[in-house]
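Right, one structure below, let's go through it.
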Amino acid sequence: MKIIFISGVIFGSKLLSKILDSGYDVSAIFSYNDKKQSVYSDYYNFDNLAKKYDIKNFKIDKINDHKNIDKIQSLKPDLIL
């Protein structure tokens, strides 16, 4: 099953860690770009987690931008979390 994970906050990082530790295959992460750190008090940088599991981390500003939607569609996920 091909999974794409979308988050930018601490809770999301904990959830993604559990998913990965359970052996699920996450194909890509879409997370906030670094400038969002000043906007969200619970901002989380997914770079280390993505590197640890060799997952592409797309740093985005708005998930609903057409370029992000097109990218997600091109990855053909079975599940988006």
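A single member of ILE80, ILE4 is of a type outside the set (Asp, Glu) and over 9 Å from the mean Cα position of the chain (by Cα), and it is ILE80. Can you tell me which residue within region 22-42, out of those that are open to solvent by 40 Å² or more (accessible area, probe 1.4 Å) and in a helix (DSSP H, G or I), is nearest to MET1 (Cα to Cα)? Residue satisfying both the conditions and the ranking: ASP34.
Looking at region 43-70, which of the residues that are among the basic types (Lys, Arg) and surrounded by fewer than 16 Cβ atoms within 10 Å (Cβ to Cβ) is nearest to LYS2 (Cα to Cα)?
Within region 43-70, the match that is nearest to LYS2 (Cα to Cα) is LYS56.
From ASP70, ASP54, which residue is part of a helix (DSSP H, G or I) and over 10 Å from the mean Cα position of the chain (by Cα)? Selected residue: ASP70, the only one of ASP70, ASP54 that is part of a helix (DSSP H, G or I) and over 10 Å from the mean Cα position of the chain (by Cα). Flag set for LYS62, criterion: charged (D, E, K, R) and not in a helix (DSSP H, G or I). Test PHE5 against the criterion of being touching a Gly at 6+ places or on another chain (Cβ under 8 Å) and closer than 22 Å to ASP65 by Cα, and give yes or no. Yes; evaluated as a whole, the condition is true for this residue. Across region 10-21, the number of residues qualifying as open to solvent by less than 90 Å² (accessible area, probe 1.4 Å) and either of a type in the set (A, V, I, L, M, F, W, C) or over 13 Å from ASN57 (Cα atoms) (or both) comes to 7.
The values are calculated or read from the model by the stated rules, or taken from the named source; none is laboratory data. As the structure is a prediction and not an experimental result, all values here were calculated from the model. Every residue, glycine as well, gets a Cβ built from its backbone with ideal geometry; the counts of neighbours run over all protein chains shown. Each accessible area value is taken on the protein alone, full model and side chains, heavy atoms only, with ligands, DNA and RNA left out. Shrake-Rupley method; radii C 1.70, N 1.55, O 1.52, S 1.80 Å.
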